[in-house]
Amino acid sequence: MIVAGEPSGDLHASHVARQLTALCPDITLFGMGGDWMENASVSLDFHIRDSAVMGFADVITVLPMFLRKQARLKQRIREERPDVLLLVDFAEFNMPLAKFAWKHNIPVVYYIPPKAWAWRANRAQKLAKWANVVAAIFPFEAEFYRNAGANAEFVGHPLVDFAQTPLSSHAAREHLNLKEAGLKTPPTDDENTPVIGLMPGSRRSEIQHILPVMLSAAANIAQVYPNAQWVLPLAPGISHERIAKYQQTQNLSGLQVPPITIVEDATYPAMRASTLLLVTSGTATLEAACIGTPMIIVFRTASLNWHIVKSLTPLERSGLPNLIAGRDIVPELLQTELTPSALTELALDFLQNPQKRETQREALQRVHTQLGTAGAAERTAELVLETVHRLPHRESRTGLKVVRKPSSQ
């Protein structure tokens with residue numbers, strides 16, 4: 001049984017599902033997920049179309065639906081007694097399932113575990129009790145869970161496998177048709193014609209709170225760099241119309257927002273094409289680190305959400321590259337700090353100082369190295385099958401590439 005609750009978890013779970021099927025062709029997979037898992041031959045009890053939420057205020061509105069789904073999945077655990085329960089991210093929903101499975105003697109593997117190192121550290125002790133294996137995606141995360149008593153293994157970060165593009169910066173710009181008005185070739189001089197990527201997030205609430213600030217800053221930056229190109233890789237579930245609505249609103253307010261090229265299914269080429277990224281805190285910051293593009297991390301949410309999070313987390317940083325590096329390698333503008341003037345000033349500083357961008361690139365490369373080697377899904381699938389004795393245990397799998405074929409079992 002596999003349970004994921006958001007698009008990113010659905011994607012990562014689908015990769016593990018495919019590896020499970022490759023290693024054990026007669027396996028049966030069921031649970032909760034989305035299109036990616038369904039396409040990986042997982043039979044879904046529930047689809048996650050209405051599950052992606054952000055913040056405590058959003059959770060309250062969908063809590064009854066979540067509880068109904070959770071009750072149904074618990075019933076299936078009790079009735080079907082799966083050989084193993086694989087939980088993927090989505091901590092608030094999945095932690096109670098881990099406890100329920102533990103009470104019913106069902107082995108649990110938790111892939112992409114709760115960020116207990118960031119806030120609510122007591123979850124690590126609970127998961128150490130309820131989960132047979134914690135498949136951690138950061139090296140410091142595995143150590144944190146081991147210190148809490150968990151059987152934790154660093155399997156590597158799944159982004160390492162697919163957050164990449166073979167395109168050079170110039171080729172990526174050609175691929176995305178980023179051109180100056182009147183020119184037949186893409187701009188190649190970052191100092192005079194930079195490409196600036198806007199990544200306002202993948203949830204509607206993020207778009208609402210962050211995109212208007214980005215657009216205002218874009219209007220300011222365009223006054224200094226009138227030839228700058230702007231690209232916005234569209235996140236799944238966010239429409240062109242929604243982005244255009246915010247552009248129109250800003251223009252009606254008197255700002256001259258520059259033309260923005262909106263692209264679909266081309267996030268990594270857009271990142272590679274960009275001189276600088278303005279990116280919302282989250283997984284996208286690690287994707288940018290893998291691609292190697294300098295960035296500024298931003299974040300803003302509803303005041304209630306922000307005050308609750310700040311009261312619960314001891315972290316001084318928000319961006320994942322900074323957390324992994326253990327220091328501030330990427331500037332952050334969070335909540336009240338995120339204003340059009342502050343974002344404009346910081347972006348211009350980076351655009352006008354190529355050495356500052358190069359220094360950050362070097363630091364991001366070191367972060368990328370810390371994410372481990374390719375094969376996180378394969379290593380996680382091995383852990384799952386080892387948990388139910390379908391594969392022999394091996395001392396360590398981090399960095400290993402499996403070459404042997406599994407026996408038909």
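Every number here is computed from the coordinates shown, using simple stated rules; none is lab data. Fair warning: this is a prediction, and the values are worked out from it, not measured in the lab. Please note: Cβ atoms are built from the backbone with ideal geometry, for glycine as well, and neighbour counts cover all protein chains shown.
Suppose only helical runs count, i.e. DSSP H with n ≥ 4. What mean residue ellipticity at 222 nm does that imply for the chain under -39500 (n - 2.57) per run, divided by all residues and rounded to the nearest 500 deg cm²/dmol?
On the way: 17 runs with 197 residues, N = 409.
Calculated mean residue ellipticity at 222 nm is -15000 deg cm²/dmol.
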ask   = Can you tell which of Phe162, Phe66, Phe140 shows the greatest fluctuation in a Gaussian network model of the chain with Cα springs below 10 Å?
value = Phe162
task = Output ³J(HN,Hα) for the stretch 212-229: one whole-Hz value per residue in order, computed from phi by the Karplus curve 6.51 cos²θ - 1.76 cosθ + 1.60 with θ = phi - 60°, and x for Gly and Pro.
result = x, 5, 4, 5, 5, 5, 4, 4, 5, 5, 5, 6, 8, 10, x, 8, 4, 9
ask   = Roughly how many nanometres apart are two label points built 7 Å out from the Cα toward the Cβ at Arg327 and Arg68?
value = 5.3
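Which of Lys69/Lys115; Lys69/Lys103; Lys99/Lys310; Lys115/Lys310 have a Cα-Cα distance over 25 Å?
Working: Lys69/Lys115 23 Å; Lys69/Lys103 19 Å; Lys99/Lys310 27 Å; Lys115/Lys310 15 Å.
Correct reply: Lys99/Lys310.
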Percent RCO, i.e. relative contact order, over the stretch 33-176, from Cα pairs under 8 Å lying at least 6 residues apart = 14
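Which order do peptides 165-172, 355-362, 93-100 fall in by mean Cβ count within 10 Å, highest first? Numbers along the way, then the final one.
Working: 165-172: 16.1, 355-362: 13.5, 93-100: 21.0.
Top of the packing list down: 93-100, 165-172, 355-362.
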task = Note the full-extension length gain between Asp45 and Gln208 as 0.36 nm times their separation in residues minus their Cα-Cα distance, in nm to one decimal.
result = 55.5 nm
note = Interchain or sequence-distant (5+) residues whose placed amide H lies within less than 5 Å of the amide H of Thr261 are Trp230, Val231, Leu232
inquiry  = Sort 292-301, 37-46 by the packing proxy (mean of other Cβ within 10 Å over each peptide's residues), most packed first.
reply    = 292-301, 37-46
request  = Please build a GNM for the chain, connecting alpha carbons under 10 Å apart, and tell me which residue among Leu278, Leu67, Leu364 fluctuates the most.
outcome  = Leu67
request  = Measure nothing but the geometry: give the 0 to 90° angle between the long axis through the Cα atoms of 91-103 and the longest principal axis through the Cα atoms of the chain, rounded to 10°.
outcome  = 10
message = Relative contact order for the chain: what percent, with Cα pairs under 8 Å and sequence separation of 6 or more?
response = 17
note = In degrees rounded to 10, the 0-90 angle between helix 354-370 Cα long axis and the longest Cα principal axis of the chain is 10
Nitroxide proxy distance, nm - points 7 Å out along Cα→Cβ at Arg242 and Gln75 = 3.2
task = Could you point to the label whose value was computed as semi-axes √(5λ) of the Cα gyration tensor in Å for the structure here, given [x] 39, 23, 20; [y] 33, 23, 21; [z] 37, 29, 18?
result = [x]
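To make sure I understand, if each residue's beta carbon is the centre and we count other beta carbons within 10 Å, what order do Cys290, Cys24 fall in, fewest to most?
On the way: Cys290 22, Cys24 19.
Fewest to most other Cβ atoms nearby, the residues stand as Cys24, Cys290.
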task = Please tell me the relative contact order of the stretch 184-308 in percent, rounded to the nearest whole number, where contacts are Cα pairs under 8 Å and at least six residues apart.
result = 31
ask   = Using Cα atoms only, what is the angle between the long axis of helix 340-351 and the major principal axis of the chain, expressed in degrees (0 to 90) to the nearest 10?
value = 90
